[in-house]
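All remarks here apply to the structure that follows.
The values are calculated or read from the model by the stated rules, or taken from the named source; none is laboratory data. This is a predicted model, so every value here is computed, not measured. A quick note on method: Cβ atoms are made from the backbone with ideal geometry, for glycine too, and the neighbour counts reach across all protein chains shown.
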Amino acid sequence: MFSTIDWILIGTYIAFAFGAGVLLSSKAGESLSSYFVADRKLPWWWLGTSMVATTFAADTPLVITGVVANDGVSGNWLWWSWALGYMAMTVFFASIWRRVEVLTDIEIVEIRYSGTGAAILRASKAFFLSILINSIILGWVFKAMSKITRPFLDWKILLGADSFSALESIWPGFLVFDDLNNTLTVLVLFSVVVFYSSMGGIQGVILTDLFQFALGIGGAVVFAVYAVGYVGGLDGLYTKLEAIYPGKADGILSVWPSFGEGQGQLPLTIFLIFIGVQWWIQYYSDGSGYLAQRLHTAKTPADAELGSLWFNVANFILRTWPWVLTALVCLVVFPLDKADLLVSEGTSVQVDREMAYPILMKVILPSGILGLVFVSLMAAFMSTADTHINWGASYLVNDLYLRFFKPSANNKQMVLASRIAVLLMAGISVLVATQMGSIQSAWKFFLAVASGLGLPQILRWIWWRTNAWTELAGMSTALVLSLLLYPAFPEVRSEYLLFWTALGSVFSSILVTYLTPPSPDSTLQSFVKRTKPFGFWGKWGGADARREFYSRCGVWALASVSLYSGLFGTGAILMEDLTSSTIYLSLSAFTGWLAFRFWKRRLGNGSTRKE
């Protein structure tokens with residue numbers, strides 16, 4: 001249980017979140033633009049930090065703890081591979097998202113395409129992303145928070161045993177996260193999120209994101225420092241890893257996987273799927289979704305690019321290593337071969353390695369520090385939850401309600417509809433979360449379900465021939481294949497199922513593209529004039545569009561190498577490997593400098609096309 005100082009820290013943060021919603025409620029209520037895109041006035045550092053805070057969810061340290069236990073540090077390629085996609089968003093799409101000036105990323109559908117297909121696609125994506133995809137994401141975030149709070153809060157004590165038993169007797173069975181104790185905790189926190197996100201709109205969300213980012217990073221670092229100190233510092237950590245896992249410690253610590261089929265090894269084919277497929281099949285492959293919502297808030301296209309770049313650096317280089325170090329300490333404190341280690345309520349760490357993270361908090365952190373770290377995870381939970389609620393509500397209002405049901409609604413009606421949509425998204429997400437099992441399994445199934453969106457969304461920006469049916473075919477094929485393959489082959493690694501799902505959706509998308517007509521010339525001409533895309537645009541873009549595409553490909557490759565080298569160089573410092581850290585950090589600086597020079601030259605020459 002928490003001490004008095006811990007409760008003060010928790011209460012202070014909850015009061016701050018409430019205050020942010022109340023403070024910004026009048027400003028958010030001025031218009032739909034204020035509510036969902038903050039009147040497009042935010043600087044790069046603000047929107048970029050908000051993007052990091054949103055992806056800094058409460059589930060992430062738990063998943064990383066489980067990944068390191070199963071596959072060592074190199075198991076993080078599961079999400080490190082996403083850096084390629086995030087960097088592509090920075091180099092190729094961030095500035096275009098700001099230039100197009102839409103309220104939601106789905107709105108671009110009826111600018112890029114036309115006719116019945118575009119209308120069907122807009123409605124389908126609005127429902128698919130807001131109800132299905134968004135609810136799955138929020139579901140695993142709720143699941144993670146229920147695991148984090150389990151060791152700390154006991155509502156039987158807070159409410160009294162009789163009151164708790166009475167409540168338990170009438171509580172609906174379908175609305176439970178593992179047990180009633182966890183459910184009450186998560187619902188209380190979620191009620192705060194729903195209040196300030198519905199009142200303050202995206203401005204309230206982003207304002208709280210700044211504090212949540214600082215709390216999240218600070219809490220992760222503080223916990224890592226205490227955790228490493230608990231096992232005797234870095235030297236003690238690595239010595240004990242070698243003693244507990246003789247002959248395996250180097251493999252556990254390596255950022256590069258040991259290829260094979262044995263314990264702690266990663267099949268080469270899985271690694272190739274990570275770096276060759278997984279990053280471009282994401283539903284946000286072109287920066288769509290909540291990332292685009294942040295890019296829409298930028299003051300200028302340049303702010304959108306810089307904010308996206310800052311997001312990449314903070315997301316991978318800053319966030320990774322405090323969590324990884326703590327996960328390694330968990331391997332020492334809770335060894336893999338100790339099957340009798342219990343977490344609480346009869347739950348074994350061996351059964352659920354993700355629980356090692358919150359249990360280690362309870363074991364080693366003193367009063368005050370425990371409250372601070374708990375608040376940091378609570379802030380991470382709230383940051384992700386508020387973003388996805390606001391983002392999902394923007395689809396329900398802008399792309400369904402206004403587009404198909406009441407296009408003549410005034411500002412007051414639109415903002416009211418937005419707040420109702422926030423409540424609706426919250427209710428649906430809670431119901432989905434109660435049915436969810438492993439967070440890591442949910443992650444992987446989610447990737448497959450959404451994999452049909454990735455390639456078509458990239459192609460629509462760089463290839464004139466893409467049409468609305470391209471996206472519809474990819475989306476529907478991935479959904480059907482996921483629902484068929486995952487239940488039919490439960491013993492097959494999810495990465496292989498993801499590969500076949502993605503391959504099927506790509507084949508379907510390309511086939512349907514050539515079997516259906518392209519968008520009309522007038523639509524393509526208007527889109528090119530408005531967004532100034534690059535790639536293969538035939539008579540609408542010419543050679544200049546192709547040259548700029550190739551130029552950006554070079555910048556993307558250099559920037560990606562720089563990002564990964566910075567990630568591994570930072571890790572090598574913490575692994576006390578001076579030689580590797582020097583090589584990685586030098587490579588990071590050199591490739592980063594080259595990418596900047598090429599980028600500056602492009603901007604300096606006007607890119608031969610006016611931005």
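Look at the range 504-525 and say how many of its residues are part of a helix (DSSP H, G or I) and loosely packed, with under 15 Cβ neighbours inside 10 Å. Step through it out loud before you land on a result.
Of the residues in the range 504-525, the ones part of a helix (DSSP H, G or I) are 504-515, 521-525.
Narrowing the set further to residues that are loosely packed, with under 15 Cβ neighbours inside 10 Å leaves 507, 511, 514-515, 521-522, 525.
Residues in the range 504-525 being part of a helix (DSSP H, G or I) and loosely packed, with under 15 Cβ neighbours inside 10 Å: 7 in total.
Please list, ordered by first then second residue, the pairs with beta carbon atoms under 8 Å, 6 or more apart or interchain, first in the range 64-92 and more than 17 Å from Gln282 (Cα to Cα), second aromatic (Phe, Trp, Tyr) and in a loop (DSSP other than H, G, I, E, B).
Pairs that qualify, where the first residue is more than 17 Å from Gln282 (Cα to Cα) and the partner is aromatic (Phe, Trp, Tyr) and in a loop (DSSP other than H, G, I, E, B), are Ser74/Trp256.
Hey, Tyr284 hits all of (1) part of a loop (DSSP other than H, G, I, E, B); (2) touching a strand residue (DSSP E or B) at 6+ places or on another chain (Cβ under 9 Å) but one; which does it fall short on?
Failing condition for Tyr284: (2).
Are any of the residues in the range 550-565 closer than 30 Å to Gly236 by Cβ, at pLDDT 90 or above and not assigned by TED's automatic domain parsing to the domain that holds Ser114?
Yes: one or more hits.
Pick out the one residue from Val332, Val277 that is part of a helix (DSSP H, G or I), over 26 Å from the mean Cα position of the chain (by Cα) and in contact (Cβ under 8 Å) with a residue 24 or more places away in the chain.
On the way: Val277 fails: over 26 Å from the mean Cα position of the chain (by Cα).
The unique qualifying residue is Val332.
Among the residues of the range 573-584, how many are of a type in the set (A, V, I, L, M) and closer than 21 Å to Leu558 by Cα?
So the answer is 1.
If only one of Leu423, Leu396 is modelled with pLDDT of 75 or more, in a helix (DSSP H, G or I) and either buried (at least 17 other Cβ atoms within 10 Å of the Cβ) or at positive phi (or both), which one is it?
Values: Leu423 fails: either buried (at least 17 other Cβ atoms within 10 Å of the Cβ) or at positive phi (or both).
Unique residue meeting the criteria: Leu396.
Against the condition more than 18 Å from Gln278 (Cβ to Cβ) and either in the same structural domain as Ala545 (by TED's automatic domain parsing) or of a type in the set (Gly, Ala, Ser) (or both), how does Gly72 come out, does it pass?
On the way: more than 18 Å from Gln278 (Cβ to Cβ): yes; either in the same structural domain as Ala545 (by TED's automatic domain parsing) or of a type in the set (Gly, Ala, Ser) (or both): yes.
It is true that Gly72 is more than 18 Å from Gln278 (Cβ to Cβ) and either in the same structural domain as Ala545 (by TED's automatic domain parsing) or of a type in the set (Gly, Ala, Ser) (or both).
Quick check on the range 399-420: of everything there that is in a helix (DSSP H, G or I), modelled with pLDDT of 70 or more and of a type in the set (S, T, N, Q), which residue is surrounded by the fewest Cβ atoms within 10 Å (Cβ to Cβ)?
It comes out as Gln413.
List, please: which pairs have Cβ atoms under 8 Å, are six or more places apart or on different chains, and start with a residue in the range 538-561 that is over 28 Å from Ser81 (Cβ atoms) and end with one that is small (Gly, Ala, Ser) and modelled with pLDDT of 90 or more?
Hits for this filter: Gly541/Gly535; Ala545/Gly535.
Given the criterion surrounded by fewer than 20 Cβ atoms within 10 Å (Cβ to Cβ) and either under 30 Å from Thr513 (Cβ atoms) or at pLDDT 90 or above (or both), identify the matching residue among Leu121, Leu103, Leu159.
The conditions single out Leu103.
Scan the range 355-380 for residues that are farther than 23 Å from Leu328 by Cα and under 18 Å from the mean Cα position of the chain (by Cα) and jot them down.
Selection gives Ala379 alone.
Out of all the residues in the range 493-507, is one or more more than 20 Å from Phe274 (Cα to Cα) and outside the structural domain of Ala119 (by TED's automatic domain parsing)?
Looking for residues that are more than 20 Å from Phe274 (Cα to Cα) and outside the structural domain of Ala119 (by TED's automatic domain parsing), one finds none in the range 493-507, hence no.
In the range 537-559, which residues are under 20 Å from Ser114 (Cβ atoms) and either buried (at least 18 other Cβ atoms within 10 Å of the Cβ) or among the hydrophobic types (A, V, I, L, M, F, W, C) (or both)?
Trp537, Trp540, Gly541
With respect to Ser95, is the statement that it is part of a helix (DSSP H, G or I) and without any contact (Cβ under 8 Å) to a residue 12 or more places away in the chain true?
no
Mind telling me which of the residues Thr149, Thr116 ends up being in the same structural domain as Ser394 (by TED's automatic domain parsing), β-branched (Val, Ile, Thr) and surrounded by fewer than 23 Cβ atoms within 10 Å (Cβ to Cβ)?
Thr116
Return only the number of the condition from (1) at pLDDT 90 or above; (2) in a loop (DSSP other than H, G, I, E, B) that Trp461 does not satisfy.
If we test Trp461 against (1) at pLDDT 90 or above; (2) in a loop (DSSP other than H, G, I, E, B), just (2) comes out false.
Could you pull out the residue among Gly232, Gly287, Gly251 that is at pLDDT 85 or above, over 22 Å from the mean Cα position of the chain (by Cα) and on the phi > 0 side of the Ramachandran plot? Spell out the reasoning first.
Numbers: Gly287 fails: over 22 Å from the mean Cα position of the chain (by Cα); Gly251 fails: on the phi > 0 side of the Ramachandran plot.
Among Gly232, Gly287, Gly251, only Gly232 is at pLDDT 85 or above, over 22 Å from the mean Cα position of the chain (by Cα) and on the phi > 0 side of the Ramachandran plot.
If Ile281 satisfies every condition in (1) within 30 Å of Trp44 (Cα to Cα); (2) in the same structural domain as Met51 (by TED's automatic domain parsing); (3) among the β-branched types (Val, Ile, Thr) but one, which is the exception?
All conditions are met except number (2).
Filtering the range 580-611 down to residues that are at pLDDT 95 or above and among the β-branched types (Val, Ile, Thr), which residue is surrounded by the most Cβ atoms within 10 Å (Cβ to Cβ)?
Step by step, filter the range 580-611, then rank; the result is Thr591.
How many of the residues in the range 289-302 are surrounded by fewer than 24 Cβ atoms within 10 Å (Cβ to Cβ) and part of a loop (DSSP other than H, G, I, E, B)?
So the count comes out to 2.
For (1) modelled with pLDDT under 90; (2) in contact with an Asp or Glu (Cβ under 6 Å, 6 or more places away or on another chain); (3) closer than 29 Å to Arg353 by Cα; (4) of a type in the set (Phe, Trp, Tyr), each residue gets a yes or a no:
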{"position": "Ile439", "(1), (2), (3), (4)": "yes, yes, yes, no"}
{"position": "Ala442", "(1), (2), (3), (4)": "yes, no, yes, no"}
{"position": "Ala448", "(1), (2), (3), (4)": "yes, no, yes, no"}
{"position": "Leu453", "(1), (2), (3), (4)": "yes, no, no, no"}
{"position": "Thr477", "(1), (2), (3), (4)": "no, no, no, no"}
{"position": "Leu483", "(1), (2), (3), (4)": "yes, no, yes, no"}
{"position": "Ser505", "(1), (2), (3), (4)": "no, no, no, no"}
{"position": "Ile510", "(1), (2), (3), (4)": "no, no, no, no"}
{"position": "Thr513", "(1), (2), (3), (4)": "no, no, no, no"}
